[in-house]
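The values are calculated or read from the model by the stated rules, or taken from the named source; none is laboratory data. Bear in mind the structure is a predicted one, so any value in this text is a computation, not a measurement. For neighbour counting, all protein chains shown are included, and Cβ atoms are generated from backbone atoms with ideal geometry for every residue, glycine included.
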Amino acid sequence: MTPPSDAEPKPVPVRVVLPADPLLGTELQEVVARLWKRRQTETGWAYLVGLPSYRDREDGGVEAAEYRVWVRAPDHVRPVDGVDYDRVATERLEKTPQSAVREVLGERRPSGWVFAKVRDGRGPAHSVLHAPDCEEAPQGAALLDVDRALDAAEHPGTRLCTLCGAAQELTPMIRGFDHITDSAPDDS
C-alpha cells in the first residue's frame, strides 16, 4: 500500500464508462466521477469510484448523493486530462514467486514441457519437446519439470519445437546466453 501521508487522501476526478443499454437504446456513455481508491488484484486493477446520483430525503425532497462501486481498470475508467493520480490511495499486491513467474511467462502458459515421440518411417524414433499448450503437443502426456526437460533436450534425437517457443525458452538454458547475438557468428 502507498505510504500514508499527513493529508487524508482526497478523491480526484476520473471518467467512468457506463454500459450501453439496448432496452433504452443508449450507447456507451462517460460520466465524470470521483476516484477514491485503486486496488491491484490477481486479474488486474479495480478502482473504487463515486458516481454522482440522487437520494430521497426523509422530508420527501431529493438531494445530491454519491454511489460508490468498484470497477475494472482500464475497461471502465479513463483519466481526466491534467489530473494527478499519484496521491490516490493505492493498494498493491505483494510480489510472490508465483506472481513473478506469471509476469514472465504470462497467464496463459502452463508450467512444464511435454515430450512427444515421433517415428517417421524407417530409422530410429526421434522426439520433440513442446510447451503443454502447443497445438502439436500430445494430449494427456505427463508434464516434465525443467530439469527433466533439459535432460531430454540434450539427447541427440530430440528437437525443440519452435512453434510453441520451447526452443526459445530452453536453448539459452542448455547453451548459455552467450550464443544469442543479433548478427551471424564470426567464423574467423
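One residue stands out in the range 155-188 among those that are over 30 Å from the mean Cα position of the chain (by Cα) and surrounded by fewer than 10 Cβ atoms within 10 Å (Cβ to Cβ): the one that is modelled with the highest pLDDT, namely P156. Within this structure, D75 passes the test of being closer than 23 Å to L93 by Cα and in a loop (DSSP other than H, G, I, E, B).
Whether any residue in the range 57-70 is in a loop (DSSP other than H, G, I, E, B) and either within 19 Å of Q40 (Cα to Cα) or within 23 Å of the chain's Cα centre (by Cα) (or both) is what I want to check. Scanning the range 57-70, I find no residue that is in a loop (DSSP other than H, G, I, E, B) and either within 19 Å of Q40 (Cα to Cα) or within 23 Å of the chain's Cα centre (by Cα) (or both), so the answer is no.
In summary, P124 fulfils each of the numbered conditions (1) in a loop (DSSP other than H, G, I, E, B); (2) modelled with pLDDT of 80 or more with the single exception of condition (2).
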